[in-house]
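Working notes, beginning with the structure itself.
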Amino acid sequence: MLQSEIGEKLLSLFCLICLVLITVKSLFTYPLVDYILFALLFLLFSSLALVFISLFRKNSNLKEERDARLKLQENLDELKKKLSAIESENNKLISEKSNLIAEKARLEAKFSEFQSEIHRLESEKNELSNEIESLQKLNEEILIESDKFRNASLHDPLTNLCNRAFLVEKLDFLLQLCRNNPRAKFYVLFMDLKDFKKINDYYGHTVGDKVLRLVARRIMRVVSLEDTVVRIGGDEFGVIISDILSVEKVREIALKIHESLTQYPFRIRQGHKIQTKLHIGFAAYSPDHHTPEDILRDADIAMHEARETGAPVVFFDSDLRERFLREAQIERGLNVALEENQFLLFYQPIVSLKSKEIVGFEVLLRWRHPSGFISPAEFIPIAEKTGLIIPMTNWILAESCSQLVRWQEKGLVKKNVTVSVNLSAMHFALETLPDEVAEILNKTGLNPSNLRLEITETSAMESPESSASVLNRLKQTGVLLAIDDFGTGYSSLSQLYHLPFDNIKIDRAFIVTDAEDTERFQILRAIIGLGKSLKMSLTAEGIEQDLQFLTLLSLGCDYGQGYLIAKPMPKEEVEAFMLRSGGILEFLPSAETVSLPTTIL
Ligand code: C2E
Ligand code: MG
Ligand code: MG
């Protein structure tokens, strides 16, 4: 730099000298001046060349410097950018930090708040644990007392077995267990002693209690220790077998219990032996059982089935379940059937075998259930069980009596034609029945001699003494009485003699179907002979063939009904039938037209 400045000054000086010399030369002509001028010019040009070289160098240096500076500037800019990014990052961090500091301060405040809360709670806890301790002591005392009470409330003091309350608790527990564990299983056995009341009545309650204790002991001896024996109440006992045994294995246990209680009599006093009878029903857990009552009900149903069929032990299987469900469905349906007029009456003509004249009609109930006709054989026993048969029969009586009055008024039937209404055993046992019948006759205006009440032999013979009293009261009202399904109830001649029946209806089972069936023929002959000697008329049921009609006629049977004569019909069909036949059924066989086989004759 210094060199170039000196060079520049020297060059200017040379230029000046050159200018002076040129001027001098132009004014004066001296050769020396030329020489000097020439030398000076030479020097001038060389200096100029040097200056140019230095200028060129300087220029290129400057360029490099400028480039370097530009690069530096770029780097600087970049650095500035980075710096500003760092600064903004820094600012962000600073603000975050200050937020964190504020949060920390807040949490610290909360923490100290919590700590003071914990302190407060701890002191409260200490107070409470003191209180709990004293309450626990009190509770233990109460538990000891209630355990004493509970043991008493879950045990039967007479037999020392568990009682019904315990049974319900245990069943509740087992039901819960089975719900949670599909492999779990248990059985309930239900039994009640037959005619135990008679033991109490005959020997007194002390002996009765002793028998119950002995029964409990015998059951305990048969079952295993894990099983629970319960006195459900009175003479009812139950056993819970909570094991995954097969039905057959449980049946074996039940049969052993049955054997132990029925095979060996109980020795009560010297020379006094008491023989107990019972039937056992049992049920296995199924997911349909929601409450203890559900499974107890099934075992109870099985027990009743055992009682009805006379079997020692019955299991509540799918058949029984279906029957039970069907019965329950029928029972529900029966409740609405009367109100919704689903019942209708069919009338089956009864004819005099000799004159072929219609002498009466048996009234047969029909149930037109929304799902189709249901047979009376199926629904009548259920109506009897539920007691619904009573309002139903009252309706049948009123309806059929007024129907006969209408037919009499229309001139369709003769004055002596009867309607026969079936009465069920439970209705027959009602003290009020004779009054009810009298009232119906009164209301409908039917002559009592036009009404015949049919009572099955079995129900009449259940208790012949009380039957005699009801029948006599009925007889006083003026109605006719028939003993239905005769031959199926083993009535003795002396019993029959004392009952005021005027008609015997011979059960279908005794109507000869085969000419070779001489045995049945002899029974039929005996029944007809019996009726005649008791001065009762005879009606044969279920006549389907000419042979039967003629056999009965030849044996002296008075009346008959059956498909050969006419099927049961609704009232409209009866009217048409009566109009068509005029009340005399000429199409029936006559002894003259059809001859009987020699075996019968
Ligand atoms: P039941 O009183 O012995 O009635 C006679 C039954 O025999 C009727 O059956 C009748 O339709 C049927 N029958 C009549 N002729 C013949 C025949 O030639 N062949 C065959 N195979 N059967 C014949 P239904 O109507 O099914 O009644 C069955 C039982 O239901 C009756 O037997 C009776 O015990 C009872 N029942 C019907 N209606 C009533 C009623 O209103 N009240 C009561 N308590 N029971 C009734
Ligand atoms: Mg009948
Ligand atoms: Mg009958």
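The values are calculated or read from the model by the stated rules, or taken from the named source; none is laboratory data. Bear in mind that the values here come from a model prediction, so they are computed numbers and not experimental data. Cβ coordinates were reconstructed from backbone atoms using ideal geometry, including for glycine residues, and neighbour counts include every protein chain displayed. Surface accessibility is based on the protein's heavy atoms, side chains included, excluding ligands, DNA and RNA. Shrake-Rupley method; radii C 1.70, N 1.55, O 1.52, S 1.80 Å.
In the assembled protein chains, Glu436 presents an accessible area of approximately 50 Å² (probe radius 1.4 Å).
The relative contact order of the chain, computed from alpha carbon pairs under 8 Å that lie at least 6 residues apart in sequence, is 8 percent.
For a 18 Å ceiling on Cα separation, which of these pairs sit above it: Lys505/Lys535; Lys137/Lys170; Lys194/Lys249; Lys475/Lys532; Lys414/Lys443; Lys443/Lys505? Listed pairs above 18 Å: Lys137/Lys170; Lys194/Lys249; Lys475/Lys532; Lys414/Lys443; Lys443/Lys505. Shape class of the range 326-581 from the Cα gyration tensor (axes a ≥ b ≥ c, square roots of the eigenvalues): rounded, since a/c falls below 1.5. Per-residue ellipticity at 222 nm computed for the chain from its helices equals -20500 deg cm²/dmol, with DSSP H segments shorter than 4 residues left out and the rest contributing -39,500 (n - 2.57). Straight-line cross-link reach from Lys197 at under 25 Å between alpha-carbon atoms covers these lysines, not counting any fewer than eight positions away in the same chain: Lys210, Lys256, Lys273, Lys277, Lys385. I'd like the distance separating the alpha-carbon centroids of the range 451-501 and the range 305-327, in whole Å. Using only Cα atoms, the two centres lie 31 Å from each other. Surface composition of the range 164-316: carbon and sulfur atoms hold 51% of the protein heavy-atom accessible area at a 1.4 Å probe. Global size of the chain: 60.5, 209 Å for Rg and Dmax (C-alpha atoms, Rg to one decimal, Dmax whole).
Annotation for Gln136 and Val336: the two label points, set 7 Å from Cα along the Cα-Cβ direction, are 6.0 nm apart. Extension gain for the segment Phe52 to Phe587, taken as residue separation times 0.36 nm less the Cα-Cα distance, is 176.1 nm to one decimal. Per-residue Karplus couplings for the range 273-290, computed as 6.51 cos²θ - 1.76 cosθ + 1.60 with θ equal to phi - 60°, are listed in order as 10, 10, 9, 9, 10, 7, 10, 10, x, 9, 9, 9, 4, 9, x, 6, 7, 9 Hz, Gly and Pro entered as x. Bridges between two residues of the chain, per DSSP, are antiparallel at a rate of about 60%. Ordering Thr432, Thr551 by accessible surface, largest first, gives Thr432, Thr551; the 1.4 Å probe counts only protein heavy atoms, with every chain in place. Is the range 357-473 rounded, prolate or oblate when judged by the Cα gyration tensor, a ≥ b ≥ c being the square roots of its eigenvalues, rounded requiring a/c under 1.5 and prolate requiring a/b larger than b/c? Judged from the Cα gyration tensor, the range 357-473 comes out oblate (a/c at least 1.5, b/c at or above a/b).
Computed over protein heavy atoms with a 1.4 angstrom probe, the accessible surface ordering of Val363, Val222, largest first, is Val222, Val363. Put a dot 7 Å past the Cα of Ser371, heading toward its Cβ, do the same for Lys249, and the two dots end up 3.7 nm apart.
Counting protein heavy atoms only, the range 326-581 has 52 percent of its accessible area on carbon and sulfur, 1.4 angstrom probe.
Fully extending the segment from Glu108 to Cys15 would add 24.6 nm, taking 0.36 nm per residue of separation and subtracting the current Cα-Cα distance. Gain on full extension, evaluated as 0.36 nm per residue between Glu409 and Asp514 minus their Cα-Cα distance, stands at 33.5 nm.
In order along the range 169-175, the phi-based Karplus estimate (6.51 cos²θ - 1.76 cosθ + 1.60, θ = phi - 60°) of 3J(HN,Hα) comes to 4, 5, 5, 4, 4, 5, 4 Hz; Gly and Pro are listed as x.
In this simple spin-label model, placing a label point 7 Å from the Cα along the Cα-to-Cβ direction at both Asn59 and Arg580 gives a separation of 14.7 nm. Once all protein chains are placed together, Ser116 keeps about 70 Å² accessible to a 1.4 angstrom probe. Accessible surface for Arg164 stands near 100 Å², nearest 10, in the context of the full protein assembly shown (1.4 Å probe). In the range 63-120, the portion of solvent-accessible area held by carbon and sulfur atoms comes to 59 percent [1.4 Å probe, whole percent, DNA, RNA and ligands not counted]. The overall shape of the range 164-316, judged from the alpha-carbon gyration tensor, is prolate: a/c is not under 1.5, and a/b is greater than b/c. Solvent exposure of the chain, expressed per residue, is 59 Å² of accessible area, with all protein chains present and a 1.4 angstrom probe.
Once you reduce the range 172-235 and the range 30-104 to the center of their Cα atoms, the two points are 118 Å from each other.
For an R0 of 45 angstrom, estimate the FRET efficiency from the Cβ-Cβ distance between Ala184 and Arg213 and round to the nearest 0.05. My answer for the efficiency is 0.85.
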